1. In whole percent, what relative contact order does the chain give with Cα contacts below 8 Å and a gap of six or more residues?
2. Hey, what angle do you get for helix 354-368 against the long axis of the chain, alpha-carbon based, 0 to 90 degrees rounded to 10?
3. Taking the beta-carbon count within 10 Å as an exposure proxy, list Met260, Met254 from fewest neighbours to most.
4. For the range 326-458, what relative contact order do you get, as a whole percent, if you take Cα pairs closer than 8 Å and at least 6 residues apart?
5. At 37 °C and 0.692 mPa s, what whole-number value in µm²/s does Stokes-Einstein give for the translational diffusion of the range 311-390, with Rh from the Kirkwood sum over Cα pairs?
6. Please give the helix 165-187 orientation as an angle from the longest Cα principal axis of the chain, in degrees from 0 to 90, rounded to the nearest 10.
7. Could you state the angle between the C-alpha long axis of helix 146-160 and the longest principal axis of the C-alpha atoms of the chain, as a value from 0 to 90 degrees rounded to the nearest 10?
8. What is the packing order of peptides 180-190, 140-150, taking the mean over residues of other C-beta atoms within 10 Å and listing the highest first?
Amino acid sequence: MNINAPDSLERHQLIPLILSLSLPVMVTLLVQAMYNFVDSIYVSRINEYAFTALSLAFPIQVLVTAVASGTGVGVNVLIARALGNKNPEKASSIAAHGFVLAGLNWVVFVAMSFLLIGPYFQILSATGQVERMGRQYLRIIIIFSLGTFVGNIGVRILQAAGDMRRPMLYEVTGAMVNIALDPVMIFGLGGFPRLGVTGAAIATVVGQFVSMLLVVQSVFRSRSSNVKVTFRGFRFSFRTAQNIYWASLPTIIMQSMCTMYITGLNTVAIRFTEAAVSVIGVYYKLQTFLLIPTYGINQGITPLISYNYGAKNYRRMWTALWYSTVLSFISLSAGTLIFWLFTRQLLDIFAATSEAIAVGVPALRIISTSFPFFVFTILNPTLFQSTGYIRKNIAITIVRQIICLVPLAIILSRFGLTYFWLTFPLSEIIATVLALVYTYQLYKGPLSPRFASDTSHA
């Protein structure tokens with residue numbers, strides 16, 4: 001089954017279609033999550049300073065991923081939309097522009113890394129060891145991030161063309177390389193020098209480069225894909241680049257804001273204890289795994305919604321969103337249950353200290369009450385992004401991550417650390433209300449399943 005299945009596809013056939021598109025993405029996301037997760041587990045065995053250093057470096061890694069995956073989402077949306085309009089030549093041009101933009105993004109980040117990494121750690125850490133380890137780790141991750149930028153574009157090109165299997169296999173291969181190299185590089189096994197956090201960074205970027213090389217060769221050598229990428233006669237179009245970034249803007253903003261609000265949360269939490277910072281780091285690493293089913297479904301239905309929007313089949317588009325919502329709600333509710341029942345065990349994965357456990361057990365249980373609301377703050381914005389209603393997507397992101405999260409953290413922290421953790425569910429509830437209001441407006445208005453007509457975007 002593929003995204004360009006006949007418009008007459010029965011509703012009961014949509015669930016297998018959604019799963020066929022989403023499951024390979026879930027595996028890919030699982031593998032991607034392993035990069036940072038495995039690093040964190042091994043690094044936590046070095047000493048407490050090393051894990052804190054990676055926790056502080058994490059927001060910047062998120063920023064790199066935000067721009068890389070966000071640009072990829074823009075490419076994915078526009079390619080799928082072009083294919084829905086039966087325009088493979090336009091789809092191929094968009095793909096070529098995606099690779100060019102990946103290279104430009106990488107150059108910008110490398111330049112910024114030499115200017116900002118030092119001051120960043122000086123501001124957030126008063127411990128010399130934490131600052132030194134953090135700088136070592138992050139500098140390698142950014143300088144060799146070309147694999148991340150180019151690999152994300154290649155993955156999204158393949159997915160937009162309906163190929164979910166090969167990106168999954170390539171990501172698995174890269175992750176296996178990372179996992180195999182981590183203990184060797186970190187602890188100096190098999191005659192290798194003991195490199196600590198530097199070794200963790202090297203293992204990560206090597207795995208990313210392996211995955212990137214496999215993806216790129218697949219994109220350029222595939223004969224079955226209806227997206228043919230070539231640079232013969234290529235002319236860079238600022239309009240195409242603008243369209244890619246416009247379509248990717250919500251994803252970039254949403255994930256970039258993650259950098260800002262995690263940094264803000266760390267700044268507030270460290271006033272109580274460094275253990276609170278470690279707990280935030282643990283939570284976001286665990287959250288990565290928790291959200292894999294939802295983000296997998298999210299990425300899986302993005303080309304499906306974009307294609308059907310381009311084909312003006314609104315009824316099928318809404319039905320796909322509804323089934324995706326139900327599937328995601330089930331997985332996130334299960335995540336809440338796991339966080340409540342196995343809180344101590346989850347903290348022990350990262351060799352948590354007694355202080356971190358005392359802080360982390362009530363923290364993770366309170367935070368987990370926000371999980372079911374992720375359904376609406378992740379999936380519903382995908383509808384807006386895929387159909388061109390970018391402003392609505394951005395508005396939800398701003399409310400959730402700027403207006404609510406850090407300001408609420410500052411206010412609630414005045415009443416104590418327990419109240420500080422309430423920031424997470426309250427922010428999600430407020431953003432959910434806004435997402436549902438916007439969704440209802442489109443369902444009853446320009447994207448009503450009762451008709452299919454051209455609409456102007458609000």
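Nothing in this text is a laboratory measurement; each read-out follows from the coordinates by a stated rule. Keep in mind it's a predicted model, so treat the numbers as computed, not measured. Don't worry about glycine lacking a Cβ; one is built from the backbone with ideal geometry, like all the others, and counts go over all protein chains shown.
1. Numbers: 682 pairs, mean separation 99.8, N = 458.
22 percent.
2. 20 degrees
3. Starting with the residue having the fewest Cβ neighbours, the order is Met260, Met254.
4. Taking the mean separation of contacting Cα pairs over the length of the range 326-458, I get 26 percent.
5. 222 µm²/s
6. Its long axis makes an angle of about 10 degrees.
7. 30 degrees
8. Per-residue Cβ counts within 10 Å, averaged per peptide and sorted highest first, yield 140-150, 180-190.
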